[in-house]
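Structure first, then comments.
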Amino acid sequence: MPKSTQPDGTAAPRFLDVLRQTLRVRHYSLRTEQQYVNCVRRFLRFHHHRHPREMGAAEVSSFLTHLAVEGQVSASTQNQALSALLFLYRDVLMLNLPWLDEVVRAKPSRHLPVVLTRQEVAALLVQIDGLYALQLRLLYGTGMRLMECMRLRVKDIDFGHGEILIRDGKGAKDRVTMLPQSLVAPLQAHLQRRRTIHEADLQAGMADVFLPDALARKYPHAGQEWGWQYVFVTTGYVRDPRSGAQRRHHQDEKLLQQAMKRAVTAAGIAKQATPHTLRHSFATHLLESGYDIRTVQELLGHADVSTTMIYTHVLNKGGRGVSSPLDSL
């Protein structure tokens with residue numbers, strides 16, 4: 001899209017930059033920001049960079065059809081693209097057009113989660129050691145999501161009470177989960193090594209870490225404090241994706257995903273298991289052990305118990321716990 005100027009003659013902000021700024025003002029996550037910007041960029045390219053004000057329901061529908069038919073994206077990806085376009089028109093362009101509510105959403109898919117048995121989890125963990133073993137055990141032992149583990153901060157591990165405070169999880173919600181006793185010693189050992197890295201960063205003047213919600217302005221020195229440091233960090237300094245500052249960021253989640261993929265193959269597990277599978281397995285195994293579904297719901301951070309109910313599909317073995325007539329012959 002061509003550049004424009006403001007009344008004072010200065011260059012106007014680029015269209016996608018305005019979109020990013022609006023998302024940040026509303027405290028959308030970095031992942032959502034990246035997805036929305038990519039969706040809007042694809043929408044503009046698909047329509048040869050026409051301005052969104054010049055387009056309407058027909059153009060939005062044709063783009064979503066293109067994603068489904070030619071792009072063969074999932075229903076959830078198609079609906080995310082629609083959400084991005086709705087945000088564009090309503091929150092960025094400030095256009096409340098009647099056709100926005102008439103665009104049909106794709107029917108969401110409902111897939112049962114992949115769940116590993118206890119034996120498969122044990123076989124998987126045998127195949128991996130070191131830092132990745134600690135992280136996978138943490139995912140299975142607490143029910144954390146992958147990025148919740150990556151963004152875990154030192155101050156949120158409470159060894160005294162045996163719990164982990166998960167801050168700003170999905171839906172910007174905090175929750176508490178247990179700290180497995182078997183991970184206390186390994187985590188403390190890891191934090192001792194992590195403290196050494198932090199001390200070196202302090203000496204180099206590179207100990208600053210990202211703080212959420214403008215806390216860096218309210219507490220100028222908090223970003224260098226030990227409690228605010230990420231538990232799992234990069235081996236070197238990287239550029240912050242938002243501020244552009246060079247500092248030590250949390251570990252790239254792709255490294256753990258790749259490590260688990262290798263471990264799944266080595267263990268001979270045929271299921272399509274990812275780090276998130278350990279969260280599914282955590283919930284299922286708690287329910288198998290007799291824990292109340294409401295308790296499991298709170299540990300997982302689900303807003304609705306119906307989301308947690310999906311894990312009951314494997315509790316009684318077989319379809320809905322019904323015995324096959326073949327077995328009674």
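Tabulated data for the structure shown
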| item | result |
| --- | --- |
| The chain: C-alpha gyration tensor shape, a/c 1.5 cut-off, then a/b vs b/c | oblate |
| Estimated distance in nm for a label pair at THR312 and THR65, the labels positioned 7 Å out from Cα along Cα-to-Cβ | 4.2 |
| Across LYS173/LYS271; LYS155/LYS218; LYS155/LYS271; LYS170/LYS218, pairs whose alpha-carbon gap is larger than 27 Å | LYS173/LYS271; LYS155/LYS271 |
| Apportionment of accessible area to carbon and sulfur, the range 19-64, percent (1.4 Å) | 47 |
| Per residue value of the accessible surface for the chain (all protein chains in place, 1.4 Å probe), Å² | 58 |
| Taking the C-alpha atoms of the range 21-174, convex hull volume expressed per residue in Å³ | 176 |
| Longest to shortest principal axis, alpha-carbon extents of the range 162-286, angstrom | 48, 31, 29 |
| Carbon + sulfur, % of accessible area of the range 71-206 - ligands and nucleic acids excluded, 1.4 Å | 53 |
| Part-to-part distance (alpha-carbon centres) for the range 21-85 and the range 227-267, which is given in Å | 28 |
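The values are calculated or read from the model by the stated rules, or taken from the named source; none is laboratory data. Just so we're clear, the structure is a prediction, and the values are computed from it rather than from any experiment. Cβ atoms come from the backbone with ideal geometry, glycine included; neighbour counts cover every protein chain shown. In case anyone asks, the SASA skips ligands and DNA or RNA and just uses the protein heavy atoms, side chains included. Shrake-Rupley method; radii C 1.70, N 1.55, O 1.52, S 1.80 Å.
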